[in-house]
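Participant: Here it is, the structure, as structure tokens.
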Amino acid sequence: MTVQDKDFATLADALKAHTGRFTDKKFDWKAFPSNVGYDDLARAQMRYIGAGGSPKVGDTSTLKPEHFTLSLIYKEPGRYAACHSHEIEESFLIINGALIVGWEKDGEVVEVNLGPKDMILNAREIGHGFRVDGVEPVMMSISVDVGKPLPPVYHYHPKDCAPELARTFGAEPGKTLKFDPEGDHPLQKLMTKYVVRHSELETHWEDAGFTRKIYCGPGGVETDTCRKEMLGVPSRVGVKPFSRDVEDAFLVLEGSLIVGWEEDGETVEVELGPRDLVQTPAGRKHWFRNNGAGHATVWYVVGTAEPETVKFEAL
Ligand SMILES: [Fe+2]
């Protein structure tokens, strides 16, 4: 299958237009109108694919979302995000720092502390908030499925309740439980299905010579939207061209990765460094390879939750 993309004169132009460079982008401190006037809620967003939870859907510097959005969120120590819910699923992948994520139901809150490469998928309609209690800022990648991008519904926003209650996501003193996979509380049990610890996640070695840790999708957190994986690509490892019937995206976390596209025998490649991304549309033949001396760690999002259909072959 080939993609006739009439918007671009050349394949190189098309690949460039589907590449998001960290250094070409800016963090937006005004992405979330509900935070305006509340310094404790301040956070910055860098949009790669779509607008995520921000209403800034008209930003022409971001890629058009198909099945998922992807952005970076930066939050400084002492700040928090007020408890809210969505009709969609939303994942937080921690890149740097430690983030407390709280889930609330009926005035009770379960809090989990997530570190680098840990993830939580916030379930539909579950009240959730987050807070930086650590000494360093948090950088994380947020993806939401874009079925019905409605504004978030706030449950405990400081405009409606005491700031102390908003900071604890709606838990009065004594109503906060720690995350515990062995815990008996229904909210602990529910959250256990949605929290991924990098160190506890099985590492699968592909025959093609790279590793996959499956965060969301068959083998990971159950979802009906998108697969999310972390790839480890050793130096001088790569795969032959493959295509999908949905879009996918590579976001490099560490090292560098070359992503290539092919159409009608013509090929183009782009090298990505940390926090650079390529979104490849459905049907496009593409591949990746690591031409660096060190390994690459890559966050990989695929626009379906169906089981993998690609059999990766080594270059
Ligand atoms: Fe959210």
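Participant: Tell me the residue from LEU315, LEU277 that is buried (at least 22 other Cβ atoms within 10 Å of the Cβ) and either at pLDDT 95 or above or not acidic (Asp, Glu) (or both), please.
Facilitator: Working: LEU315 fails: buried (at least 22 other Cβ atoms within 10 Å of the Cβ).
Residue meeting the stated conditions: LEU277.
Participant: Also, quick follow-up: Looking for something more than 18 Å from the chain's Cα centre (by Cα), of a type outside the set (Asp, Glu) and not assigned by TED's automatic domain parsing to the domain that holds ALA249 - is there at least one such residue anywhere in the stretch 286-307?
Facilitator: The answer is yes, given that some residue of the stretch 286-307 is more than 18 Å from the chain's Cα centre (by Cα), of a type outside the set (Asp, Glu) and not assigned by TED's automatic domain parsing to the domain that holds ALA249.
Participant: Here is a follow-up. If a residue must be surrounded by 16 or more Cβ atoms within 10 Å (Cβ to Cβ) and within 16 Å of the ligand (Cβ to nearest atom), how many such residues does the stretch 139-193 contain?
Facilitator: 17
Participant: State all residues of the stretch 39-70 that are in contact with a Ser or Thr (Cβ under 9 Å, 6 or more places away or on another chain) and within 16 Å of the ligand (Cβ to nearest atom); if no residue qualifies, say none.
Facilitator: Result: LEU41, GLN45, ARG47, GLY50, ALA51, GLY52, GLY53, SER54, LYS56, PHE68, THR69, LEU70.
Participant: Another one. For the stretch 74-97, which residues satisfy the criterion of being more than 12 Å from the ligand (Cβ to nearest atom), more than 16 Å from the chain's Cα centre (by Cα) and either over 26 Å from GLY174 (Cα atoms) or not in a strand (DSSP E or B) (or both)? Show your work before the answer.
Facilitator: So the first thing to find is which residues in the stretch 74-97 are more than 12 Å from the ligand (Cβ to nearest atom), and the list is 74-80, 93-97.
Filter once more, keeping what is more than 16 Å from the chain's Cα centre (by Cα): 76-80.
Answer for the stretch 74-97, where residues must be more than 12 Å from the ligand (Cβ to nearest atom), more than 16 Å from the chain's Cα centre (by Cα) and either over 26 Å from GLY174 (Cα atoms) or not in a strand (DSSP E or B) (or both): GLU76, PRO77, GLY78, ARG79.
Participant: Please state which of the following conditions LYS56 fails to meet, knowing it meets all the rest: (1) within 16 Å of the chain's Cα centre (by Cα); (2) at negative phi.
Facilitator: Failed condition: (1).
Participant: OK, next. Does ASP40 satisfy the condition of being assigned to a helix (DSSP H, G or I) and not assigned by TED's automatic domain parsing to the domain that holds LEU257? Step through it out loud before you land on a result.
Facilitator: Details: assigned to a helix (DSSP H, G or I): yes; not assigned by TED's automatic domain parsing to the domain that holds LEU257: yes.
Yes, satisfied.
Participant: Would you mind finding the one in GLU271, GLU229, GLU266 that is surrounded by 17 or more Cβ atoms within 10 Å (Cβ to Cβ) and either touching a strand residue (DSSP E or B) at 6+ places or on another chain (Cβ under 6 Å) or modelled with pLDDT of 95 or more (or both)? Working first, answer last.
Facilitator: Details: GLU271 fails: surrounded by 17 or more Cβ atoms within 10 Å (Cβ to Cβ); GLU266 fails: surrounded by 17 or more Cβ atoms within 10 Å (Cβ to Cβ).
It is GLU229.
The values are calculated or read from the model by the stated rules, or taken from the named source; none is laboratory data. Since the model is a prediction, treat every value here as computed from it, not as a measurement. All Cβ positions, glycine included, derive from the backbone under ideal geometry; neighbour counts span all protein chains shown.
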